[in-house]
Amino acid sequence: MASTFTIRVNGRQHAVVTDADRPLLDVLREDLGLTGTKFGCGEGACRACTVILDGQATQSCITTMATAADAEIETIEGLASGDQLHPVQQAFIDQSGMQCGYCVPGQIMSATALLREDPHATREKIIDAMTGNLCRCCNYGNILAAVEQAAARE
């Protein structure tokens, strides 16, 4: 049975009429047109669908609308400020942190959540936080370098 849910995405409030158990990922992509968040496995295992929900990196494919209701959600589309890329986005460019690019939005969102919590995270903390973000191209070395660059910024 459909209900109305209020979510705040990238600073804008949206009322969405949908089922309570519908995945947040589907609402972002299909209802709000925010296609930067990717569908990977549909089981929360690959983290291609990572968004920041109330400050925490969250897999949107396994987050229901009932859980997301009244939450602050940030997607990859919300990171840049006009033409100014977010430092993590810029670091991914600087360090060639993408090959095919499919996993990059989820990688960037996970890294952003980590660095908001621990702005100068150590290599070990970065590896621990990013474990589970799968990259089909196996570009993990460059992804790590990108997150380390973002953590080193002053």
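Of the numbered criteria (1) within 16 Å of Thr112 (Cβ to Cβ); (2) touching an Asp or Glu at 6+ places or on another chain (Cβ under 7 Å), the one Thr6 fails is (1). For region 57-84, the set of residues classified as within 19 Å of Ala113 (Cβ to Cβ) and in a helix (DSSP H, G or I) consists of Thr67, Ala68, Ile76, Glu77, Gly78, listed by residue number. Tell me yes or no: at least one residue of region 18-28 is under 16 Å from Ser110 (Cα atoms) and surrounded by fewer than 14 Cβ atoms within 10 Å (Cβ to Cβ). No, region 18-28 contains no residue that is under 16 Å from Ser110 (Cα atoms) and surrounded by fewer than 14 Cβ atoms within 10 Å (Cβ to Cβ). Are there any pairs, at least 6 apart or on different chains, whose C-beta atoms fall under 6 Å, with the first in region 108-122 and farther than 14 Å from Gln149 by Cβ and the second of a type in the set (Gly, Ala, Ser) and surrounded by fewer than 24 Cβ atoms within 10 Å (Cβ to Cβ), and if so, which? Listed pairs, sorted by first residue: Ser110/Ala57; Ala113/Ala57.
Among the residues making up region 85-103, those that are in contact (Cβ under 8 Å) with a residue 24 or more places away in the chain and either within 24 Å of Cys41 (Cβ to Cβ) or assigned to a loop (DSSP other than H, G, I, E, B) (or both) are His86, Val88, Phe92, Gln95, Ser96, Gly97, Met98, Gln99, Cys100, Tyr102, Cys103.
Quick note: the coordinates plus some simple rules give every number you see, no bench work behind them. These figures come from a predicted structure and were not determined experimentally. With ideal geometry, Cβ positions are generated from the backbone for all residues, glycine too; neighbour counts draw on all protein chains shown.
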